[in-house]
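Everything below concerns the one structure shown next.
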């Protein structure tokens, strides 16, 4: 029974809680309230009951405990909507004002608090359908009865009917096709530019094909739409639907793809050596600046429709190619070749071929040509304004003009003249055609003419050319022989010069040898002079030494002579002493086996053998080689005086012996002692002369 009462109590409590509408909503979810009935009646066409009518209520229940009786309210539990970072979500409003016929997207309602305030959205003019405002990353509490949230991976909505769901899914597929759930990222390394096409707003005027730029002034906060990311400001600034003149450069852009699509195209690159001539297809009509005499179009300032008179210099440009085109005009030299199967670097001469001529002598050669021209970048707009592009200029003007000119030249020249006067024709053509090219704002630099060749109609040109070649070969042979002759003469002169050079080298060598020997002789002579000077100096020194020594000896001898009885006795004594030493050392027999008397000397004195020998010895020594003394007469006189003095000494000694053999000779006076000193000096001088002569 107790259990019965407990069960009855639990059931009663549950019924009570149900009746009072006890609801628990998790924090990661929210509740959408649907009112079952109301005293204010039910809705007619609306979905959201702003006046407490029966139907979906504009407010939502956040996480927590809520009391709503199920008798009157139904609570739908839905999750919070989370948009991942770097993605875009789109909003579809199920209730609101209907869109007008010229409007594609619902207007932006600032009071809607990013579609989380349903009352603010509906009471401030919110419109049905896909909205202009996009949802960025974050978590939002949307009333999914009013708004359908389309994300990259899921569609958030409450109780979609089959037809409504099909519409939302088609819309999601379209956004996927446009990559609309991701921002637009333009990388600088790709050299791309974004062309924007707007799908909402007023239509373009009939005379415009591209909508002009609006709302690009950052200082104008009311109209600056920040590169189509603020739709309301774009429309407020006067923007039109359609392809826009303004482009998107490098950066990241969160653009509603249901409002605008973006096409990425390459940037326009003008390389070095070119100038860009802009032909604008849109803009207001400008004032023609080409002048009254120029009737080939209009040159206008930048931003106006027509050919801009200012060119673009080399570089990269974010140019909208739907709003105009840029014709690249070479500013370097352009080479046009009138030669089959040959083209210049710019390929403007792909349709050109040799000029067919008829010469004065009725030959029909084909003349290859090359023309070098230049277009001033300041005149490039005039050229494009007149011809549209350079290829058309070449095909429609330059080709017929150049061909006609050289056809006229060919008619006034024979084939031989055409070949031989090619240089003169080139110079004349360059001078005469410059004026014609200037009429088309082109500077002619040079005209180059090739060798005429046979055409299909005339095969006899080769005969003429062959004859000219043979003639030239003959002339070249003559010249060759002449040069060979000159070479032979020069070779002979060279050989002679070489021989002379070789002989000259020998002669030079001999002269050098003579000079060497002469220098060697001079060196020897100088050496002998130095040697003689040295010997002379040594002789003088030796003579001085010997003189001093002789003086010393003379003094000693003088004293000795005085002691022994006078100078004459001393001389004789020295001679006898020396002679005795010679006999002793030579072991000579001095006593002859037979004594021969030599006669008597002066005064009847007898000459003993020793005296005779000494006399003979001195006579032989002093008279044996008279050639020595012939050179010096004073020396001969000295020797004669020495001999005379010697004999005087001998005679005196003989007399003294005869008078008194035992008595010693009395020394003579000092004057007599002095008389012997010159004799001794002369004897030493004679000895030195004999020594040097030997």
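Worth a mention:
- Of everything in the range 360-385 that is in contact with a strand residue (DSSP E or B) (Cβ under 7 Å, 6 or more places away or on another chain) and part of a loop (DSSP other than H, G, I, E, B), the residue that is farthest from residue 429 (Cα to Cα) is 377.
- Residue in the range 324-345 that is assigned to a loop (DSSP other than H, G, I, E, B), modelled with pLDDT under 95, crowded, with 21+ Cβ neighbours inside 10 Å and within 39 Å of the chain's Cα centre (by Cα) present: no
- Residue within the range 375-386 that is in contact (Cβ under 8 Å) with a residue 40 or more places away in the chain, within 30 Å of residue 272 (Cβ to Cβ), crowded, with 19+ Cβ neighbours inside 10 Å and in contact with a helix residue (DSSP H, G or I) (Cβ under 7 Å, 6 or more places away or on another chain) present: yes
- Residue 402 being modelled with pLDDT of 90 or more, closer than 18 Å to residue 349 by Cβ and part of a helix (DSSP H, G or I): yes
- Verdict on residue 218 being free of Cβ contacts under 8 Å to residues at least 24 places away in the same chain and assigned to a loop (DSSP other than H, G, I, E, B): yes
- One residue from 413, 436 being part of a helix (DSSP H, G or I) and surrounded by 15 or more Cβ atoms within 10 Å (Cβ to Cβ): 436
- Selection from the range 126-140 of residues that are crowded, with 16+ Cβ neighbours inside 10 Å and in a loop (DSSP other than H, G, I, E, B): 126, 132, 133, 134
- Taken together, the criteria place residue 44 among residues that are surrounded by fewer than 18 Cβ atoms within 10 Å (Cβ to Cβ), out of contact with any strand residue (DSSP E or B) (no Cβ under 8 Å at 6 or more places or on another chain) and either free of Cβ contacts under 8 Å to residues at least 40 places away in the same chain or not in a loop (DSSP other than H, G, I, E, B) (or both).
Rundown of residues vs (1) exposed (fewer than 14 other Cβ atoms within 10 Å of the Cβ); (2) in a loop (DSSP other than H, G, I, E, B); (3) outside the structural domain of residue 257 (by TED's automatic domain parsing); (4) in contact (Cβ under 8 Å) with a residue 40 or more places away in the chain, yes/no style:
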{"site": "24", "(1), (2), (3), (4)": "yes, no, yes, yes"}
{"site": "31", "(1), (2), (3), (4)": "no, no, yes, yes"}
{"site": "58", "(1), (2), (3), (4)": "no, no, yes, yes"}
{"site": "65", "(1), (2), (3), (4)": "yes, no, yes, yes"}
{"site": "70", "(1), (2), (3), (4)": "no, yes, yes, yes"}
{"site": "75", "(1), (2), (3), (4)": "no, no, yes, yes"}
{"site": "78", "(1), (2), (3), (4)": "no, no, yes, yes"}
{"site": "102", "(1), (2), (3), (4)": "yes, yes, yes, yes"}
{"site": "121", "(1), (2), (3), (4)": "no, no, yes, no"}
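The values are calculated or read from the model by the stated rules, or taken from the named source; none is laboratory data. All values derive from a computational prediction rather than experimental measurement. As a convention, Cβ positions derive from the backbone with ideal geometry for all residues, glycine included, and neighbour counts pool all protein chains shown.
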